[in-house]
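Novice: Encoded as structure tokens, here's the structure I'll be asking about.
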Amino acid sequence: MMQEGLDDGPDFLSEEDRGPRAVNVDLEMDATLQVDISDALSERDKVKFTVHTKSTLPNFKQNEFSVVRQHEEFIWLHDSFVENEDYAGYIIPPAPPRPDFDASREKLQKLGEGEGSMTKEEFTKMKQELEAEYLAIFKKTVAMHEVFLCRVAAHPVLRKDLNFHVFLEYNQDLSVRGKNKKEKLEDFFKNVVKSADGVLVAGVKDVDDFFEHEKTFLLEYHNRVKDSSGQMRPDDPFAQKRRRRHEQNRLVSLHVGDAGLHGSLQVLPEGVRAV
């Protein structure tokens with residue numbers, strides 16, 4: 001009875017207010033586009049997935065082809081859907097989780113270290129159990145990546161996406177490796193420095209105070225000499241400077257003359273009088 005009452009109630013939400021558009025996705029794809037992961041290879045911290053595609057769509061160059069992809073490339077494809085404004089309102093299939101075999105590898109490593117403390121039968125049994133555990137995690141990882149691709153391929157809108165077609169058909173590395181924390185931090189500081197440099201270049205001239213002062217002095221001195229008629233006021237700083245220089249030259253001449261009379265030359269430090 002309660003359910004019937006709810007069913008008979010009015011629908012207050014308009015079509016636009018119902019949130020993301022729900023699109024029925026049948027994982028049993030039609031023959032025009034079929035995607036699966038035909039093989040997978042574990043290499044230390046990486047898993048290489050062989051993505052196999054069969055299609056009769058004219059967008060592809062061939063009807064059947066395969067490419068090798070890594071987890072980061074799956075994440076790139078997922079993020080390209082999320083960031084595309086054309087898909088706003090559509091439910092994007094969730095990204096597959098990152099392959100994580102650390103726990104299983106750690107158990108296998110500890111088993112190898114403790115091999116001498118157990119019988120051969122015990123060691124063999126535990127090794128088989130851990131290998132089976134590792135294989136189960138590996139198969140689950142492959143399956144989750146395949147389900148993501150199947151959902152995209154079965155989606156009436158996302159299956160036409162250009163990035164998805166590149167992901168399926170381009171037979172080279174997409175070079176979309178995620179940056180680690182150190183690289184992200186370095187990029188952040190580079191951007192900060194670059195922005196600061198831009199502000200400095202735009203608003204401040206690159207001037208050396210010493211050379212700017214010397215340049216100003218020489219220009220002013222040149223203009224005064226050029227405009228001078230040979231008569232300078234007693235209070236003119238340039239005239240005073242010239243008089244001091246002439247007086248110094250006169251004193252040097254006198255000392256040189258005295259040296260010629262007495263047969264010796266005494267060089268006096270600047271500012272010290274001869275006695």
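The values are calculated or read from the model by the stated rules, or taken from the named source; none is laboratory data. Note that the structure is predicted; figures quoted are calculated from it, not measured. Heads up, the Cβs are rebuilt from the backbone with ideal geometry, glycines too, and the neighbour counts pull from every protein chain shown.
Novice: Restricting attention to the range 61-117, which residues are in contact (Cβ under 8 Å) with a residue 12 or more places away in the chain and aliphatic (A, V, I, L, M)?
Specialist: VAL67, VAL68, ILE75, LEU77, ILE91, ILE92, ALA95, LEU108, LEU111
Novice: Can you tell me which residues in the range 68-113 are farther than 23 Å from ARG44 by Cβ and not hydrophobic (A, V, I, L, M, F, W, C)?
Specialist: Within the range 68-113, HIS78, ASP79, SER80, GLU83, ASN84, GLU85, ASP86, TYR87, GLY89, TYR90, PRO93, PRO94 qualify.
Rundown of residues vs (1) β-branched (Val, Ile, Thr); (2) more than 14 Å from TYR170 (Cα to Cα); (3) surrounded by fewer than 17 Cβ atoms within 10 Å (Cβ to Cβ), yes/no style:
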| position | (1), (2), (3) |
| --- | --- |
| VAL35 | yes, yes, no |
| VAL51 | yes, no, no |
| PRO58 | no, yes, yes |
| GLN62 | no, no, yes |
| GLU72 | no, yes, yes |
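Novice: Look through ASP36, ASP30, ASP26, ASP79 and report the one residue that is out of contact with any Lys or Arg (no Cβ under 7 Å at 6 or more places or on another chain), at pLDDT 95 or above, under 15 Å from ALA154 (Cα atoms) and acidic (Asp, Glu).
Specialist: Unique residue meeting the criteria: ASP36.
Novice: In this structure, is ILE137 closer than 25 Å to LYS48 by Cβ, without any contact (Cβ under 8 Å) to a residue 60 or more places away in the chain, surrounded by 13 or more Cβ atoms within 10 Å (Cβ to Cβ) and assigned by TED's automatic domain parsing to the domain that holds GLU43?
Specialist: yes
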